[in-house]
Amino acid sequence: MNLVIQGLDVATPDLKALAKLAGASGIEAITPTAFRLRDAKPDPAIAAHCEAAQLDCAFVPDERRLADMRLCVMDMDSTLITIECIDEIADMQGLKPQVAAITAAAMRGELDFPASLRRRVALLQGLDAAALQRVYDERLRLSPGADTMLARFRQLGIKTLLLSGGFTFFTERLKQRLGLDFTRSNTLEIAGGKLTGQVTGDIVDADVKRAALLEARERLGIGSTQIIALGDGANDLKFMAEAGVSVAYHAKPVVRAQATHALNYVGLDGVLSLFN
């Protein structure tokens with residue numbers, strides 16, 4: 001096993017201390033902010049040291065290769081992008097605090113997701129549909145490192161599936177903009193140019209996300225070990241469990257506890273360093 005250390009700023013004394021704790025045979029630079037400690041062994045002090053230094057750490061099998069992966073399945077809100085779209089839409093109604101509180105509880109797994117989504121969408125009733133474009137233009141930003149990660153996936157022929165308990169208005173625009181292969185999300189009902197406060201069709205919850213991953217896996221004729229999954233909330237756990245490598249990205253504790261790896265400090269390009 002190798003120990004991968006990443007951070008916005010990785011100090012040499014921290015690297016040396018971690019190499020000693022892990023009994024590593026050597027230190028290799030992956031990027032200026034990511035390092036591989038060869039032949040590392042677990043030690044409880046490693047995680048504590050990294051947390052204190054605001055570094056991400058991951059034990060990675062030496063044989064794991066990015067070129068062997070064939071599909072990356074990603075959550076959208078607070079994973080591929082920095083915002084929760086529904087919270088920003090609600091801000092147009094002056095209701096962001098109320099909606100954001102429900103969103104946060106659902107992300108922590110404290111609320112049933114379909115019920116929580118219906119409650120939040122109902123609060124948007126009567127909002128001019130033009131607000132969706134405003135959110136996309138003015139507030140939606142890709143998470144740091146997303147472009148770098150996706151460019152590498154395209155270079156290696158790794159397909160991409162974007163899943164969201166959010167809305168098709170955003171996933172379809174991101175699909176076209178970023179060259180994503182597949183998407184699955186919810187559709188907001190619009191009548192007379194205004195949101196009705198309803199979602200049409202089945203709600204994309206944890207089970208639907210998992211089913212979409214399995215469908216893509218079947219379509220591509222690949223195995224679970226060839227899938228990377230990225231998510232941040234409880235609604236992502238079921239699809240993340242179907243992937244060979246799951247990454248909790250700036251995620252809730254319940255997700256960090258169940259994922260293969262957690263990235264708490266670096267951007268999405270940090271996913272690439274988890275592979276040799």
Hey, does the stretch 186-194 have a residue that's at pLDDT 95 or above, under 21 Å from the mean Cα position of the chain (by Cα), polar (S, T, N, Q) and within 18 Å of LEU80 (Cα to Cα)?
yes
Go through (1) under 18 Å from GLN6 (Cβ atoms); (2) surrounded by fewer than 21 Cβ atoms within 10 Å (Cβ to Cβ) one by one and return the number of the condition THR225 breaks.
(1)
I need the full set of residues from the stretch 74-114 which are part of a helix (DSSP H, G or I), in contact with a Leu (Cβ under 9 Å, 6 or more places away or on another chain) and aliphatic (A, V, I, L, M), in order please.
MET76, LEU80, ILE86, ILE89, ALA90, VAL99, ILE102, ALA105, ALA106
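So for the stretch 245-257 (the condition being crowded, with 18+ Cβ neighbours inside 10 Å and part of a helix (DSSP H, G or I)), does at least one residue qualify?
Checked the stretch 245-257: at least one residue is crowded, with 18+ Cβ neighbours inside 10 Å and part of a helix (DSSP H, G or I).
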In the stretch 189-243, the residues that are closer than 12 Å to GLY165 by Cα, in a helix (DSSP H, G or I) and among the hydrophobic types (A, V, I, L, M, F, W, C)
ALA206, VAL208, ALA234
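Residue-wise test of (1) within 23 Å of LEU123 (Cβ to Cβ); (2) buried (at least 22 other Cβ atoms within 10 Å of the Cβ); (3) in contact with an Asp or Glu (Cβ under 6 Å, 6 or more places away or on another chain).
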site	(1), (2), (3)
GLY193	yes, no, no
GLY231	no, yes, yes
LYS238	no, no, no
GLU242	no, no, no
SER273	no, yes, no
Here's a check for you: in the stretch 17-46, which residue that is touching a Lys or Arg at 6+ places or on another chain (Cβ under 7 Å) and buried (at least 16 other Cβ atoms within 10 Å of the Cβ) is nearest to GLN6 (Cα to Cα)?
ILE30
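Scan the stretch 95-119 for residues that are surrounded by fewer than 17 Cβ atoms within 10 Å (Cβ to Cβ), small (Gly, Ala, Ser) and under 14 Å from ALA234 (Cα atoms) and jot them down.
Of all residues in the stretch 95-119, those surrounded by fewer than 17 Cβ atoms within 10 Å (Cβ to Cβ) come to 95, 97-98, 101, 104-105, 108, 110, 112, 115, 118-119.
Remaining after also requiring small (Gly, Ala, Ser): 101, 104-105, 115.
Answer for the stretch 95-119, where residues must be surrounded by fewer than 17 Cβ atoms within 10 Å (Cβ to Cβ), small (Gly, Ala, Ser) and under 14 Å from ALA234 (Cα atoms): ALA104, ALA105.
Quick grid of which residues meet (1) surrounded by 15 or more Cβ atoms within 10 Å (Cβ to Cβ); (2) part of a loop (DSSP other than H, G, I, E, B):
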{"residue": "VAL121", "(1), (2)": "yes, no"}
{"residue": "LEU124", "(1), (2)": "yes, yes"}
{"residue": "ALA131", "(1), (2)": "yes, no"}
{"residue": "ASP147", "(1), (2)": "no, no"}
{"residue": "LEU150", "(1), (2)": "yes, no"}
{"residue": "LEU162", "(1), (2)": "yes, no"}
{"residue": "GLY166", "(1), (2)": "yes, no"}
{"residue": "PHE169", "(1), (2)": "yes, no"}
Identify all residues within the stretch 195-210 that are closer than 21 Å to VAL245 by Cα and either among the β-branched types (Val, Ile, Thr) or surrounded by fewer than 17 Cβ atoms within 10 Å (Cβ to Cβ) (or both); write none if there are none.
ASP207, VAL208
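The values are calculated or read from the model by the stated rules, or taken from the named source; none is laboratory data. Quick caveat: nothing in here was measured; it's all calculated off a predicted structure. Ideal geometry is used to build each Cβ from the backbone, glycine not excepted, and the neighbour counts take in all protein chains shown.
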